[in-house]
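In what follows, a structure is listed as structure tokens, so that the remarks can point back to it.
The numbers here are math on the coordinates, done by the rules we state, and not lab data. Predicted model, so just to flag it, every value in this text is computed and none were measured. Methodologically, a virtual Cβ is constructed for each residue, glycine included, from the backbone with ideal geometry; neighbour enumeration extends over all protein chains shown.
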Amino acid sequence: MRFSVIRWFVLLLSAILLLACGDDPTSDADPIPWTLFEPEQWVGKAIDATDLAKYLDMTALPDDGIWVLWRDSGEPCAELFAHLEGVERDKQPVVLVLMPERNLPEAERRVQELPKGENVIQVALPADRDWVVTAPVVLVLRARNVVSAAQGVLAESHIPIPIWAKVAPEQIGEAKKHGVPVAFENDIGMRFVLIPAGTFMMGSPEGEEGHVLDRHVSHPMMRDAALPKCVDGLNPSPAPPRPDAASTRVQFSSGTASSGRLTQDSGAQGVSLLFP
């Protein structure tokens, strides 16, 4: 008798709990799928060999340029896009890869405007899953290979590095230190790369291609401040041997006047052009 009472009590309690909870239609729902991105592990790999290739049509995207993975709710994404204004000038392809966020309230959207231009391509990842990564993510591609990757607050330091620029890590570090571009092209087509401060040998060593006797190595020179060097564009020298050759036989007064006009007219991203 005592056992029956306990059994009926347990059954009654189970029924009460079942009625209180009801039949929750979401209790048996499948969990939301998610994908973890680790961009730093993509460096040195072909973009087609990364996790992105599983979700995007890579054949329609450029081999070189800057790829940005972004989401609407990211304040750093909005700041990064404002920093991308100068990339269009370098004619560098920019691929904007949206990571959709389901049911994001309008009030939480931080990105109000995207970069525009004929070199800007917009694509989106599928909206049926969560994308686990700190946004934004900036990838720099050369010949479909990922040469650098950064995410979050470090992403802005990777933009812009023009496709034509051949720069070393020391130059990139010097540009970050001074808060200036490591390379840029101004409005009249002159291209500049940053020369870090340091010591260099003046002259032309024996055995160098194009060496002449009156330009032998004489002594080391010290440059105590970083400055941009023109690597392409206007060269006032008569019959320069190649487009990126240094200017020679230019009077100081003419060079100073010319650099002043170029600073005023070229829109050189806040960098003053000085005749050394």
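Observations on the model:
- Pair Thr256, Glu206: separation of 7 Å Cα→Cβ label points (nm): 3.9
- Relative contact order of segment 34-158: 39 percent, from C-alpha pairs under 8 Å at least 6 residues apart in sequence.
- Taking amide H atoms as placed 1.01 Å from N in the peptide plane, the amide H of Ser204 lies under 5 Å from those of His216, Val217, each 5 or more residues away in sequence or on another chain.
- Computed FRET value (nearest 0.05) for Ala82 with Asp48, which takes r as the C-beta separation and R₀ as 35 Å: 0.70
- The loop-placed GluC sites (Glu not before Pro) in segment 97-206, going by DSSP, that have at most 10 neighbouring Cβ atoms within 10 Å of their Cβ come out as Glu113, Glu118, Glu206.
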